[in-house]
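Right, one structure below, let's go through it.
The values are calculated or read from the model by the stated rules, or taken from the named source; none is laboratory data. Predicted model, so just to flag it, every value in this text is computed and none were measured. Methodologically, a virtual Cβ is constructed for each residue, glycine included, from the backbone with ideal geometry; neighbour enumeration extends over all protein chains shown. SASA here: full protein model, heavy atoms, side chains in, ligands and nucleic acids out. Shrake-Rupley method; radii C 1.70, N 1.55, O 1.52, S 1.80 Å.
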Amino acid sequence: MEKNKVIRVIQYGMGSIGSKIVRELLKRSSFKLVGAIDIAPEIVGRDVSEVAGLSQPFNLPVESDPAKVLTSARADVVVHTTGSHLNRIFSQLEEVVRSGLNVVSTSEELVYPFQRHPELSAQLNQLAVDKGVTVLGTGINPGFVMDTMALVLSSVCVEVKRVKVERVIDAATRRFPFQKKIGAGLSPEEFRSKVAQGRIGHVGLAESLYLIAHGLGWTIEEIKEEITPILAETNLRTEYIEVSSGIVAGMEQLAQGLSGGREVLTLHFRAFIGAPKPHDAIEIEGNPPLKVTIDGGVAGDVATVAMVVNAIPRVLAAEPGLKTMADLPLPHAALG
Ligand SMILES: NC(=O)c1ccc[n+]([C@@H]2O[C@H](COP(=O)([O-])OP(=O)(O)OC[C@H]3O[C@@H](n4cnc5c(N)ncnc54)[C@H](OP(=O)(O)O)[C@@H]3O)[C@@H](O)[C@H]2O)c1
């Protein structure tokens, strides 16, 4: 892609994150929004800027038919934000790639899809190679705080024996869908039943673990994952819900990766209403040993928007195929 050319973008998925990405794209002179797709009946047909919460019209309606937009907008890249699970979004990505367009997606499973979905990943990779385009899954978590950031820090180590990452979020500061996703307000029995059905929990912890292993060149022989509810010790209230003492205030999720019978990767995610001292911490046992803590933690939504938008130029410059954050050059802000 020639330098300084304005990058033409289609936004696929105009929900919460998609709308925020549109607001950021419209602020930057290096991007031009040339299409928007969504299926939600309350969104389709409305002007993209209105859906994104802006007052100035942009005169670009949100379309429900992807083919119409993908074939006519002469885009360089599609920013895809419709869902988490690769088997559910595969046909959307396939159509985009068949149209010869690059993809940056916030799908958590796409951050490292090769372990959970080897066949779909191989298919998507081959299609992307054939079409000469690049597909990347990224975001804040997975995509950065519990994986890429650890890899970036490891660049100053000559030896890495073990990596531990901890993310603690005070869920009271997050939007309602997040509070629901971590089970806040459920009884312990409801929590266990929803976890068993795969309806709550953080998607992407195993993907983060495999992404670190991929970057470090480690083979993970076994992964152990567990999700446990955290119960409220007093009555709690957020902008959206009330949680009585003894009810679920959130959850903790642990993923442990074993290599040679030894735990080499430990990812610990804790999110609950009222969590004290939110932070992100990365610890590398190696040479030199490192411990980096971000007090307060990285704010989720704005960081996801930044990561996606800043990834676009690197995706356009990358080799064709299904890539991960560990395959692309160093991430950094590319303002403008
Ligand atoms: N990696 C990360 O760090 C990170 C960070 C934030 C979000 N995410 C993930 O990114 C995704 C988007 O997040 P969000 O908060 O924006 O979700 P959201 O508010 O639910 O928005 C998704 C939008 O896509 C639409 N959609 C669903 N299926 C579609 C299809 N087949 N074609 C066109 N549009 C479709 C939805 O319509 P309906 O409402 O009608 O279904 C909705 O308007 C989620 O999977 C989320 O978990 C990842």
Residues that are open to solvent by 50 Å² or more (accessible area, probe 1.4 Å), more than 9 Å from the ligand (Cβ to nearest atom) and touching a helix residue (DSSP H, G or I) at 6+ places or on another chain (Cβ under 9 Å): does segment 20-28 have at least one? yes
Within the bounds of segment 298-308, is there any residue that is within 16 Å of the ligand (Cβ to nearest atom), free of Cβ contacts under 8 Å to residues at least 24 places away in the same chain and within 30 Å of V22 (Cα to Cα)? yes
Scope segment 74-100; condition open to solvent by 10 Å² or more (accessible area, probe 1.4 Å) and not charged (D, E, K, R); matching residues: A75, T81, T82, G83, S84, H85, N87, F90, S91, Q92, S99, G100
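Kindly evaluate V156 against the criterion of being more than 16 Å from the ligand (Cβ to nearest atom), surrounded by 18 or more Cβ atoms within 10 Å (Cβ to Cβ) and more than 16 Å from the chain's Cα centre (by Cα). Outline the logic, then answer.
On the way: more than 16 Å from the ligand (Cβ to nearest atom): yes; surrounded by 18 or more Cβ atoms within 10 Å (Cβ to Cβ): no; more than 16 Å from the chain's Cα centre (by Cα): yes.
When the stated conditions are applied, V156 does not pass them.
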Leading residue by the ranking (farthest from the ligand (Cβ to nearest atom)) among those in segment 104-126 that are in contact (Cβ under 8 Å) with a residue 60 or more places away in the chain and over 11 Å from the mean Cα position of the chain (by Cα): N125
For segment 98-113, state whether one or more residues are under 24 Å from V305 (Cα atoms) and in contact with a Phe, Trp or Tyr (Cβ under 6 Å, 6 or more places away or on another chain). yes
Of all residues making up segment 125-178, the number that are in contact with a helix residue (DSSP H, G or I) (Cβ under 8 Å, 6 or more places away or on another chain), farther than 21 Å from S208 by Cα, modelled with pLDDT of 95 or more and part of a loop (DSSP other than H, G, I, E, B): 1
Members of segment 124-157 found to be over 19 Å from H268 (Cα atoms) and among the acidic types (D, E), listed by number: D130
So, in segment 1-11, of the ones that are over 17 Å from M307 (Cβ atoms) and open to solvent by less than 60 Å² (accessible area, probe 1.4 Å), which residue ends up farthest from the ligand (Cβ to nearest atom)? R8
Give the residues of segment 266-283 that are of a type in the set (G, A, S) and closer than 26 Å to N235 by Cα, sorted by residue number. A271, G274, A275
Among (1) crowded, with 24+ Cβ neighbours inside 10 Å; (2) more than 9 Å from the ligand (Cβ to nearest atom), V34 falls short only on (1)
Within segment 47-72, the residues that are within 12 Å of the ligand (Cβ to nearest atom) and surrounded by fewer than 17 Cβ atoms within 10 Å (Cβ to Cβ) are S64, D65, A67
